[in-house]
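Heads up: the structure comes next, in structure tokens.
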Amino acid sequence: MKNVLIVVVLAVIAFFAYQYFDSKQADRASTIDPEIIAETANINSPDSGSLISTAPENASVFIIEPGNGTIVSSPVTIKFGITNMQVAAAGKNIENSGHHHLLLDMDVLPSLLEALPASEHVIHFGKGQTETSIELAPGTHSLQLLLGNHLHIPHYPPVISKKIVITVE
């Protein structure tokens, strides 16, 4: 019953977020790219009734470790960094805060206009975690962070890290 309620709440949130923005923006598919901020520059800034939280222009998230191009073994420890915002657990509506979502091996971003879907490629850290240890198969993997607000919706402008690539031996 609790899972059904969560799904219903997320569906309602997604509906209102979609209604708030132009449908052309909601339907777009964004590539993971450091230019993502420029790509979303034509989205209207959310108003006080929006489910999307605003972020300071100078806010950023980044992967502290492992470094880009690093060769690692599994399990992989990943440490998250943040500047000009604070980390807060999901459900806590605190100005200039959010929680991390790790985008794993993604070539296309999830929608930036609705709650991020939890999956094997979008890993939620809703308790406010700032590091994790995950099992990864041998091979090359991409890692990127995206900050979500108290409802798992990315901020405006999006607070997203550069994508890094690691190799697991």
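Only a single criterion out of (1) surrounded by fewer than 13 Cβ atoms within 10 Å (Cβ to Cβ); (2) modelled with pLDDT under 95; (3) out of contact with any Gly (no Cβ under 9 Å at 6 or more places or on another chain) is not satisfied by residue 94, namely (1). Within segment 126-157, being modelled with pLDDT under 95 and in contact with a Ser or Thr (Cβ under 8 Å, 6 or more places away or on another chain) holds for 149, 150, 153, 155, 156, 157. Which one is nearest to the chain's Cα centre (by Cα) among residues in segment 86-118 that are more than 21 Å from residue 52 (Cα to Cα) and assigned to a loop (DSSP other than H, G, I, E, B)? Within segment 86-118, the match that is nearest to the chain's Cα centre (by Cα) is 106. Pull up segment 65-85, narrow it to residues that are assigned to a strand (DSSP E or B) and touching a residue at least 60 places away in the same chain (Cβ under 8 Å), then point me to the one that is farthest from residue 127 (Cα to Cα). Only one residue tops the list, namely 71. In segment 128-138 there is at least one residue matching the filter, namely being β-branched (Val, Ile, Thr) and either in a loop (DSSP other than H, G, I, E, B) or within 20 Å of residue 91 (Cβ to Cβ) (or both). Screening residue 64 with (1) at pLDDT 55 or above; (2) surrounded by 16 or more Cβ atoms within 10 Å (Cβ to Cβ); (3) within 17 Å of the chain's Cα centre (by Cα) gives one miss only, at (2).
Quick one: in segment 109-142, of everything that is hydrophobic (A, V, I, L, M, F, W, C) and under 21 Å from residue 157 (Cβ atoms), which residue is surrounded by the most Cβ atoms within 10 Å (Cβ to Cβ)? So, considering only residues that are hydrophobic (A, V, I, L, M, F, W, C) and under 21 Å from residue 157 (Cβ atoms), the one surrounded by the most Cβ atoms within 10 Å (Cβ to Cβ) is 112.
The values are calculated or read from the model by the stated rules, or taken from the named source; none is laboratory data. None of the values given here were measured: they were computed from a predicted structure. Backbone-built Cβ (ideal geometry, glycine too); neighbour counts: all protein chains shown.
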